1. Going through segment 93-111 one residue at a time, which ones are among the β-branched types (Val, Ile, Thr) and more than 15 Å from Leu58 (Cα to Cα)?
2. Restricting to segment 112-135, name every residue that is surrounded by fewer than 13 Cβ atoms within 10 Å (Cβ to Cβ) and under 24 Å from Lys256 (Cβ atoms).
3. Which condition does Tyr331 not pass, out of (1) at pLDDT below 95; (2) open to solvent by 70 Å² or more (accessible area, probe 1.4 Å); (3) not polar (S, T, N, Q), if it passes all the others?
4. Across segment 104-143, which residue is nearest to the chain's Cα centre (by Cα) among those that are of a type in the set (Gly, Ala, Ser) and closer than 13 Å to Glu161 by Cβ?
5. Being aromatic (Phe, Trp, Tyr) and in contact (Cβ under 8 Å) with a residue 12 or more places away in the chain is the filter; apply it to segment 244-291 and report the residue that is nearest to Asp224 (Cα to Cα).
6. Got at least one residue in segment 179-202 being open to solvent by 70 Å² or more (accessible area, probe 1.4 Å) and either in a loop (DSSP other than H, G, I, E, B) or of a type in the set (Phe, Trp, Tyr) (or both)?
7. Conditions: (1) hydroxyl-bearing (Ser, Thr, Tyr); (2) part of a loop (DSSP other than H, G, I, E, B); (3) buried (at least 21 other Cβ atoms within 10 Å of the Cβ). Thr156 meets all but one. Number of the miss?
Amino acid sequence: MKFLAKLGRIIFIFAVLSIIYGLILIYAPSRPGEEASFMIKEGSGVNKISQDLSNAGLVRSKLVFEFFIWAKGLETNIQAGEHRLNKGLSIKELTSKLVSGSSLSNERVITLIEGWTLRDIGEYLEKEGISRAEDFYKSAEADLSGEYDFLSSKPTGVGLEGYVFPDTYRIYKNSSAEEVIKKALNNLGQKLTTELQGQIKNQGKTVHEIMTLASIIEKEVKSDADKKMVAYLFGRRLKIGMPLQSDATVNYITHKNTERPTYDDINIASPYNTYRYRGLPPGPICNPGLAAIEAAINPTPNDYWYFLTTPDDKVIYSVTYEEHLANKSRYLK
């Protein structure tokens, strides 16, 4: 009996301490803490939310959080979206923010993919409800060379294709197309360091030429190593006046995404058709990533004049045209 009585007292004390601990977590005033971004997806239940809050270090007891939510009948009142929350909040304060929506961020995250064209970006921004595609295209025609020195070599009449640097950006939800573009240009300005721009100048080239070549490389091959190989191969062709014969430039004209353009496609009378016209096209054909830009500046020397990409994205190089034809017959059946 004494043992049972002692056990009962222990259980009672533990229960009281648990209640006190829970009340402290619920009602204790907030403490200064690190701010964190916390996403609640539409349709998430209390168990899922409490587990995610615990994983993020925003609650010390997911059970106390769940009890408080259910006791208050707030399980259907939590607002979905991205919340900005302080890790020092009590459960009561945290719940108040999640329910009222006062912690909902007025920012959002967008991701521009390497190799996307302005057309791709415009469609993406419209789909995400950020900007009409047409507004984005119009903003991308603006002459911003007075604001960004790396645009000084861009010919008048050529838009910002190639310069809207692909990356993940945090923007305000009401951002305009122009603000998105300038955020990407600011990023590119940081990536095109003084050292890189100095290398471009020492090579007797312009930033626009590099960005144009980088955009073709970006579309032609995937790996960083192949980007550097193809950059040198294309550079050799440019030096002797040999056509680049890039399928990617033809696809830019036709808006197709085909591995091998048709005979009619490669005969289109467009300055972007590098089968029909020698040299670089008037401007970039997509927005290249940093690896492609660096490849265009510092390519890997090699003896190849030709290359092809197999259906499984392996790049096959050739020194002679005869070897190239044999590789086409072997790999592109």
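1. Start the filter on segment 93-111 by keeping residues that are among the β-branched types (Val, Ile, Thr), which leaves 95, 99, 109-111.
Val99, Val109, Ile110, Thr111, listed by residue number.
2. Result: Lys127, Glu134.
3. The number of the failed condition is (2).
4. First, the residues of segment 104-143 that are of a type in the set (Gly, Ala, Ser): 105, 115, 122, 129, 131, 133, 139-140, 142.
Of the ones still in play, those that are also closer than 13 Å to Glu161 by Cβ are 115, 122, 139-140, 142.
Working: Gly115: 11, Gly122: 14, Ser139: 20, Ala140: 18, Ala142: 23 Å.
In this case the residue turns out to be Gly115.
5. Taking segment 244-291 as the starting set, the residues that turn out to be aromatic (Phe, Trp, Tyr) are 252, 263, 272, 275, 277.
From the residues that got through so far, the ones that are in contact (Cβ under 8 Å) with a residue 12 or more places away in the chain too are 252, 272, 275, 277.
Values: Tyr252: 22, Tyr272: 24, Tyr275: 25, Tyr277: 27 Å.
Per the stated criteria, the residue is Tyr252.
6. From segment 179-202, those open to solvent by 70 Å² or more (accessible area, probe 1.4 Å) are 179, 183, 186, 190, 194-195, 201-202; that's our starting set.
Among the residues that remain, those that are also either in a loop (DSSP other than H, G, I, E, B) or of a type in the set (Phe, Trp, Tyr) (or both) are: none.
No, that holds for no residue.
7. All conditions pass for Thr156, except number (3).
Yes/no matrix, rows are residues, columns are (1) closer than 30 Å to Val46 by Cβ; (2) not polar (S, T, N, Q):
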site: Ile91; (1), (2): yes, yes
site: Ala133; (1), (2): no, yes
site: Ala140; (1), (2): no, yes
site: Val164; (1), (2): no, yes
site: Ser176; (1), (2): no, no
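The values are calculated or read from the model by the stated rules, or taken from the named source; none is laboratory data. Small disclaimer: the values here were computed from a predicted structure and weren't measured. For neighbour counting, all protein chains shown are included, and Cβ atoms are generated from backbone atoms with ideal geometry for every residue, glycine included. The accessibility values were calculated without ligands, DNA or RNA, using every heavy atom of the protein model including side chains. Shrake-Rupley method; radii C 1.70, N 1.55, O 1.52, S 1.80 Å.
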